[in-house]
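**Student:** Before anything else, here's the structure in question.
What follows is calculated from the coordinates using simple rules that are stated; it is not laboratory data. Note that the structure is predicted; figures quoted are calculated from it, not measured. Because the Cβ atoms are built from the backbone with ideal geometry, glycine has one as well, and the counts that use them run over all protein chains shown.
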Amino acid sequence: MPRSYNLFTPGPVSVRTEVLQALALPARHHRTAEFEALWVDLGRRLADVFRTGDPVAILSGSGTAAMEAAVANLFSASDRVLVPVAGRFARRWVEICKAFDVDAVALPLKYGESPSADDVSSALGKDHSIRGILLVHCETSTGSLTDLESIARAVRDAEAAAGHPIFTCSDSITSLAIDPLETDAWGLDAVVSASQKGLLSPPGLALVVLSKRAREALDGIRQRRYYFDLRRYLGTPHPPFTPAVPLCLGLDRSLDLVLGVGLEKIWKANAASASALRTLFEIAGFVPVARRQAGGAVAFWVGEVRADAIFETLREEHGVLIARGQDDLEGKILRVSAIGKGRGEILLFVRAFAETLAKVGRPIDEARAIEAAGNLLEGTRIWE
Ligand SMILES: *Cc1c(COP(=O)(O)O)cnc(C)c1O
């Protein structure tokens with residue numbers, strides 16, 4: 001058995017006991033009225049979480065499967081799409097496009113930045129052949145939040161000049177049920193997510209919502225797709241293939257938790273926990289990476305301190321797992337997430353982090369850190 005850690009990683013997140021218990025329920029057959037009722041109910045409640053009246057496709061796979069499905073279903077080979085790139089997950093959009101011969105035009109940004117509506121307007125203004133924009137709502141590699149609402153508005157404005165729809169697609173894998181997300185009100189055409197982040201479930205379910213006009217485009221797309229052909233999943237009450245039944249049972253319980261607390265309260269609590277973590281790192285003299293902070297991941301530059309020393313001390317002496325920098329950010333940043341954590345657990349993390357810093361030769365005022373974090377977490381008590 002691999003050792004289990006207290007996960008302060010931006011997904012997967014620690015899974016609560018009631019969800020774990022649901023995973024262990026006796027097998028259900030998916031071609032039964034009982035399971036199909038559950039399947040339909042999951043879709044309906046997920047739509048509430050996405051804030052949409054459109055159907056939600058539930059796929060077996062990790063989040064990347066949902067990203068791949070969005071590209072393979074909405075863009076034909078040689079279609080051009082715009083991808084603002086400020087981190088690893090935007091680069092993943094570009095790689096998926098390559099795999100499907102979709103022509104991704106990258107809009108490069110610095111780490112920690114997120115695209116602005118002006119950046120997007122001017123890129124779309126210069127190239128009227130662009131048929132989609134692929135965004136990352138929370139760029140988990142840096143903790144930056146993208147202003148989806150104003151970008152989606154800029155895209156709508158650019159459509160008139162282009163003379164054809166430009167689909168706004170969002171990787172909302174680490175924003176769904178974490179930061180405010182309004183699929184319908186913001187006019188998003190494709191939103192993808194997964195089970196192992198804000199939905200507090202184990203990994204293995206991938207989710208896709210398509211707007212009405214995006215669904216209407218599906219038949220006209222020339223692209224290879226079979227298992228992830230979204231026409232098989234959308235608007236039918238029957239799962240097209242054997243679903244990951246235990247994960248569906250777990251998700252059912254997770255949705256009870258999430259909808260029981262309420263999205264607005266969750267959004268507020270995540271904003272508070274991210275600002276508590278940011279404050280902790282600032283007290284320790286570290287510079288946060290993100291200009292516009294997401295609720296689901298806080299990254300900071302380690303400067304002269306060895307990232308591995310912090311990472312390993314937290315893991316070995318406190319049983320706490322955080323995330324390291326990826327690709328060329330390896331060794332330069334560390335990333336922490338409080339998704340699904342209550343106030344008490346976050347304060348325990350603050351203590352563990354302060355002890356870790358003392359150990360690696362960079363002591364901080366622990367009492368001040370606890371007080372500052374505690375104040376920021378006041379009034380947002382969830383997941384206790
Ligand atoms: C976690 C995450 C993914 C995850 O993809 P997996 O295939 O589930 O590993 C993708 N995009 C973002 C922004 C993420 O945070």
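**Student:** Would you mind stating whether residue 65 is surrounded by fewer than 22 Cβ atoms within 10 Å (Cβ to Cβ), closer than 23 Å to residue 223 by Cβ, under 21 Å from the mean Cα position of the chain (by Cα) and within 16 Å of the ligand (Cβ to nearest atom)?
**Tutor:** Yes: the conditions hold for residue 65.
**Student:** Okay, moving on. Considering only residues that are under 24 Å from residue 293 (Cα atoms) and not in a loop (DSSP other than H, G, I, E, B), look in segment 183-206 and name the one that is farthest from the ligand (Cβ to nearest atom).
**Tutor:** 190
**Student:** Hey, among the residues in segment 127-150 that are more than 16 Å from the ligand (Cβ to nearest atom) and either in contact with a Pro (Cβ under 9 Å, 6 or more places away or on another chain) or among the hydrophobic types (A, V, I, L, M, F, W, C) (or both), which one's nearest to residue 71 (Cα to Cα)?
**Tutor:** So, considering only residues that are more than 16 Å from the ligand (Cβ to nearest atom) and either in contact with a Pro (Cβ under 9 Å, 6 or more places away or on another chain) or among the hydrophobic types (A, V, I, L, M, F, W, C) (or both), the one nearest to residue 71 (Cα to Cα) is 132.
**Student:** Give me the pairs, please: first residue somewhere in segment 161-182 and more than 10 Å from the ligand (Cβ to nearest atom), second residue anywhere and assigned to a loop (DSSP other than H, G, I, E, B) and among the acidic types (Asp, Glu), beta-carbon distance under 8 Å, and either six or more positions apart or on two chains.
**Tutor:** Note: pairs meeting the criteria are 165/189; 167/189; 168/189; 169/189.
**Student:** Hey, another quick one. Does residue 257 count as crowded, with 21+ Cβ neighbours inside 10 Å, more than 16 Å from the ligand (Cβ to nearest atom), of a type in the set (A, V, I, L, M, F, W, C) and assigned to a helix (DSSP H, G or I)?
**Tutor:** On the way: crowded, with 21+ Cβ neighbours inside 10 Å: no; more than 16 Å from the ligand (Cβ to nearest atom): yes; of a type in the set (A, V, I, L, M, F, W, C): yes; assigned to a helix (DSSP H, G or I): yes.
The answer is no for residue 257.
**Student:** Would you mention how many residues in segment 216-252 are closer than 30 Å to residue 18 by Cβ, of a type in the set (Gly, Ala, Ser) and part of a loop (DSSP other than H, G, I, E, B)?
**Tutor:** The total comes to 1.
**Student:** Taking the condition of being away from the ligand (no atom under 16 Å from the Cβ) and either assigned to a loop (DSSP other than H, G, I, E, B) or among the hydroxyl-bearing types (Ser, Thr, Tyr) (or both), how many residues in segment 272-323 meet it?
**Tutor:** 14
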